[in-house]
Structures are given as structure tokens and as C-alpha cells.
Amino acid sequence: MTEPGGGSREPLAARLTAAFIDEIGENHRVLVADALALEREPANADRQRSVLRIMHTLKGAARAASVPSVEAVCHAMESELAQARATSGPLSPTQISLLLATADALADAAEQLRSGRSASEGSVAALLHRMTGSRSRGPGVTAANPPSLPPQTHPAAKVPVVPPPPVAEAERDPEPAPHLARRSDHVRIGADQLETLSSAAGELLGLAARMERYPSVIADNRASIDTAAGLATVTRRLDADVNSLRTLSTRLVRSVRELRQSPFSVAVEMLPRTVRDLAVTLGKSARLVVEGEGVEAERAVLEMIRDPLLHLARNAIDHGLESPDERVARGKDQEGVVRVSASVRGDRLRVTVSDDGRGVDVAAIRRRLAERGSDVPESDHDVALSMFEEGLSTRDDVNAISGRGMGMEIVRDAVEKAGGSVDVDWETGKGTTITIEVPVSIAITRAVIVDVGGFYAAIPSAFVDRIGRVAPERVRTVNGRAVLEGEGSPVRLVSLAARLGEPFQADAAESTSLVVMWLSALSRRLAVVVRDVLDERELVLRPVPFEGGGTLVSAAALLPEGDVAIVLDVPGLIGERVGSGAGVEFRQAPKALAHRILVVDDSITTRSLEASVLGAAGYDVTTAVDGLEGWRALQGGNFDLVVSDVQMPRMDGLELCRKIRSSQKLKSLPVILVTSLDQPEEKMQGMEAGADSYITKSSFDQDTLLGTIRQLIGISRRSGS
């Protein structure tokens, strides 16, 4: 097995213990609140489900951290709770008392571990004795049936491996780690990072002091700046300071983001021990392979997916991998492989957990859904996704590892809470791959700002495939739902304002087409109608102060103008099964103009935004991802105008402009540069390269762009080009 190398100086056992202490702390308050609520409403199904999930999670975490006494207590309590849930009955006063005692014992165990003592001492030992001595029925723990699995044979050693009774296993608790504090209380900062922050803070103070003087300078010298020259001087200095402020803010945001990040290895440090111990317990042979340990994401995100990864690894061993004999009979290696891989795509962290085992048993899931009276999806993929539903398990028996259908539900809920999505793929007899996709940061994200029913909404850019206008003939109704054709397979179309509901108001069509955004999350796609696409920018996310939009609003962000934008949960939006149509009526479109425009920009969002604006105005638009691709497009087609960014890979906009001006064929072709570079010297460089107009993105609006295009195309036509 490969052991993740987090680079920490602490021994792995100490880090696992610290993680487990955190796990108890994060769940203890909820557990007590649920227990007290159940004392008032013993049959409350939601509260029963919550405490059962906590017991299941802590059981798995205790096993990973090698704290068998706590694992045994959690398993025993899980069995008590499962009985009540299976019969939809209330918890008895004795069971509620036992639940509160369990919460106390867990808190005591955390303190024991934090102070360097064994968790098997004190409350846990007493509670375990009480449980094993009081239960005499059901699938849980009895004096004759302790909460451990029966003897198994390890496939490599070929000798029996018998987990001893938990009460007698104090020596198996992890190596004591004295005075362990909650890891989230401290962040290790490198000297270079500290120097960067200190330097930026000093510059910020100096800049603030300088900018504070502008009102008094203007007031004291009002008479002398009534001339154009005096005003130009003040404006130039103010522009320079604003630009410095923008640069400084970017540096600070980048530095803070780096401080909040950790390597992926911190999310998987429990997995090697989990895979090894579980394989031994189940009589299987398994090897863990971890890839992308150095991939970085915000530490809070990694903490949120730690439990899902633990459950997925356990599921892969228990449900996925076959026994050694079965694997050999199928022509496979005796040793199975569980592979965990991490990568970053844009501002999304993608993690896959795969095994080379049986694959998904779709037929078994269909039977379980039918037995429960649930709707059975038609496609095998949708059936497989049902494994993440509440309480769904294909196992007929319950053991200490699985059987209650909690693990995969916990995976789904935790990933969605992190603003992510989960998907499954498999090949029967060859293996299963579970894919998790979550934001790299839950504090900062790049997003497209849109107008939805008179409100601002932000859609994380990582989910945006493209933006464009849709004519009425492309919209069809299939089974009562609006879909778009012409994109390969039909894509479902919904009005975002209508879907979010009050106070958003769906718009009647004011133009001849709809502004549509094509969104995707893993294997799912959706097209949404918005009133307008405004901008793309980096946002600092805030807790949601907004009650509209249901559960589809994941956060909020303050825009530079002072407005608030809601940040949408795109995986949740795409995953919902709604029958809403587009909710917008069309008018007949007029004949499009013949002018052809080439848009060159390496940002998909900016490229799509500009193409959408020009397409809505009736122009025939072609796009290119950089200057080199744009130059090649110009060689093969006749265009009336070029709109280009400046900063691009391979060939930038300035070089493209120079090549156009040096070409005998293209030298009269109008060129507009649209860029974020707004300093006077930068504008001068653009004009010297041959640009006809220079528009900064900070002051960009579609009327300015369209007016400039109309003027330049008219000039070009009159000059006979």
C-alpha cells in the first residue's frame, strides 16, 4: 500500500488521532441536540436518521484511527437505533438515556486521547460493559456476541485473524499523543508567506494614507485644478493608485488562498490503515494506490471530503472487491486494487475512488428499489446513482462494516454540502469508479454574473460550458419538458428565474431570442435561460443572507458596485428532476445581418459573452481561443471586423493586430481590442500596434461595443475595403 506523504513532522498515528478527536468534537454537539429532541419526540424520523448517521460515521472513523473500544460502542448504539428505525417506532426512554450516555462517553474518549491516555479507560469501558450486559436480542452486541466480526483468514498469510473482544483491547488504541489540540485551531505559515503578507499590509497602509489625501488636495487647490491640465494630473495619479490597489488586492487574495490550502494527502491519511485493516477483517487482499497527493485545495474542503473518501474506500473493499479465490477464478490477480486519484480542473477538485472488483450490481439495486416501493429509473446509470439514496443497501445481512445503507448517503450529503456533486461509472466484472467534484475553495470562486428576474446571480465558471442566444426553432417539447436540439443529444432547458421562484420573476421575451447558458456537472447537462450575462469575476463567498431560491443557493457575494449576488448550487440545479419549461415566449426573428465578426479571447466566458452580444445584434460570429487560431481563421475566411483580447497564450492581441496591419489583404480590417489593461501606456501600445479602438473590460458595456462596431464597419465600407 502507498502511504500518503503529507509532509507533516507528526507521526501518522498522532495525525490520525488528532483527526479522530476533531471528528468527535464536530459531531458531539449535534448528537446531544438530537438526543434531547428525541426525548421530546421519540419517533422523530429525521432525528433518528441523524443520530444513526453520526454513529455510522464515528464507527468508521474509530476503525481508521484504531480505537476499537469506541468503534464497539458506536456499533452497539448503531444497532439499537437501527432496530427502532426498521420498525418506524419510537426510541424508548432507556435507549435515549443510552444515547446520551454514548455522547458523554465519546466526549470523554476524546479528552482521554487528547491528554495522552487510552480511550478504553473510563466512560467508554463502563458503557461498553453496560451495553454488552444489557442487550439480549437483535443484530447488535450481546455478551456472547461482541461487536466484532467472526474469525477470518487473511488471504496473504493464510492464517486465522480473530479480532479480540474490544473491552480487552486497550493496548490496541493508538500511541498516545499528549496535549493534542484541535488541528483547525492552528495554521503553519512559512516565513516567505508571512513576509508576503507583512509586505502587502505595509503597502496597503501607505496606499490608504495616500488616497485619503485626495479630497483635501482637491479642496485646497480647487482654483488651480479648474483647468484641464490640472485635472488631468490629479486623475492620472488617482488612476495609478487605483491600479496599485487592484494589484495589491490580487496579491493579498492569492496569499490568503495559499494559506488556506493544504495538499490532498491530508484528506487520505486515514485510508492506508483503513484499507489494510478492513481487508484483513474481511479475508480479502487489497492494495491502496493514492495519486495526486500534492494537489492542493482549501483545507476546509479537504476536511469535508475526508469522511466521504473513508466511506467510499470501505465500500470498495466490502462491496467491490471479490474474495481472493473468486478473483483467481475470474482470471484476476489475487490482490485487488483500490485507487484514489485527485486532480484540479479550473477551480474544481476532482477525486475518483475506483476498484477493480465486481462493478455495480444494477439488478440488485432495482430489486431493492422495487421492494421499497420507490420509483425505479429506466437507465442503468440512474439506477446506479440510487445507491446514494437514504437507507439503500443491497446487502441482506448487517455486520459491523455495512448493511444499513448509511455510508453512501453520507457521501452524497457531505459532497453536496461542500457544493459538489458525485457520479458513478462501472464495468460489470471489471470495477467501479466513484467521482467526486467539489470546489477547490469554499471562500473564493470565479463566477459568471447574470441578471435573473431583476436580481444578480453568480454561476461558478467551472460549470459553464458556453453562453449564447437561442432562436425559437431550436426549442422542442419532449414529455412536457422544454429541450434544446442541435447540441448532440437534446439538452433540458429551464428558466432560471422560474426555477428559483419568488422573488425572482420570469421574463417575457423582449427580444427575438433567449440568452442561454449551457451548464454541466460531471456527466449531467442543463441549459438555463437568464435575462442577461453581465460579467465574470472572482468572488469572496459569504454565508447566505437570502431565503429565496430554496436549496439551490449555496452562498452570497458582494459585488464591487455594492450589490449582492446569490451564488447558485449548480450540481443541485442540474440534478433536480423538474418539469418546468423555458417559460418565455418568442417573437419572429428578423433576417440576420450579413456582417461577419471574429472574436478572439482565451477566456471561454468572455468569448461567449461577446459572441452572445454580437449574435443578438444580428452579426455572424466566429470565435478563436487565441491570436494564433484567430490569425489562421483570418486566412481562411472573409471577415468585416475583429474583436480581440490582448493577453493570450501563443499569440497575443498586439501581435495579431500587427500581423493584420502588415498583411496586404487584411491591412484595412477594423480591429477592436477589449482588455483589462487600462493604463495610458498600455492603451498607447494597442493603438501603436494598429488597433482602431481600445475598450477596457472595467468599463465594458454592450452598447459601447455595438456602437463602436457599427461606426468602424461603416468607415470600412466607405473606404472600399
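Multiplying the sequence separation of Asp413 and Val564 by 0.36 nm and subtracting their Cα-Cα distance, what value in nm do you get? Could you put the intermediate results ahead of the total?
On the way: separation 151, 0.36 × 151 = 54.36 nm, distance 2.72 nm.
In short, 51.6 nm is gained.
In Å², what does the accessible area per residue of the stretch 291-360 work out to with a 1.4 Å probe?
Numbers: 2510 Å² over 70 residues.
Per-residue accessible area for the stretch 291-360 comes out at 36 Å².
In nm, what is the difference between 0.36 nm times the number of residues separating Ser216 and Val242 and their Cα-Cα distance?
Using 0.36 nm per residue and subtracting the Cα-Cα distance, I get 7.6 nm.
Probe radius 1.4 Å, ligands and nucleic acids ignored: give me the carbon and sulfur share of the accessible area of the stretch 607-676 as a rounded percent.
Numbers: 1200 of 2750 Å².
That fraction is 44 percent.
I want to check the label-to-label distance for Glu655 and Leu207. Put each point 7 Å from Cα in the C-beta direction and report it in nm to one decimal.
Label at Glu655, label at Leu207, 3.0 nm between them.
Roughly how many Å² of Thr622 are accessible to a 1.4 Å probe, to the nearest 10?
About 40 Å², rounded to the nearest 10.
Once the piece of chain linking Val625 and Glu39 is laid out straight, how much longer is it, given 0.36 nm per residue of separation minus the C-alpha distance between them? Don't jump to the answer; show the numbers that get you there.
Details: separation 586, 0.36 × 586 = 210.96 nm, distance 6.22 nm.
Full extension from Val625 to Glu39 adds 204.7 nm.
Accessible area of the stretch 265-320 with a 1.4 Å probe: how many percent of it is carbon plus sulfur? Mind dumping the intermediate values first?
Details: 590 of 1320 Å².
Accessible surface attributable to carbon and sulfur in the stretch 265-320 totals 45 percent.
Could you check the simple spin-label distance between Glu326 and Ser115, using points 7 Å along Cα→Cβ, in nm with one decimal?
Those two pseudo-labels are separated by 4.7 nm.
Going through the cross-link list Lys59/Lys332; Lys659/Lys683; Lys59/Lys284, which pairs have a Cα-Cα distance over 25 Å in this structure? Please list the in-between numbers first.
Working: Lys59/Lys332 32 Å; Lys659/Lys683 18 Å; Lys59/Lys284 20 Å.
Too far apart for the 25 Å limit: Lys59/Lys332.
Using a 10 Å cut-off on Cβ atoms, rank the peptides 354-363, 207-216, 329-338 from the highest mean neighbour count down.
Details: 354-363: 20.2, 207-216: 11.2, 329-338: 16.2.
Ranking, from highest mean packing down: 354-363, 329-338, 207-216.
The values are calculated or read from the model by the stated rules, or taken from the named source; none is laboratory data. Every value quoted in this text rests on a predicted model; they were computed, and no experiment measured them. No Cβ is skipped: glycine too gets one built from the backbone with ideal geometry, and neighbour counts run over all protein chains shown. Ligands, DNA and RNA are excluded from the accessible area calculation, which covers all protein heavy atoms including side chains. Shrake-Rupley method; radii C 1.70, N 1.55, O 1.52, S 1.80 Å.
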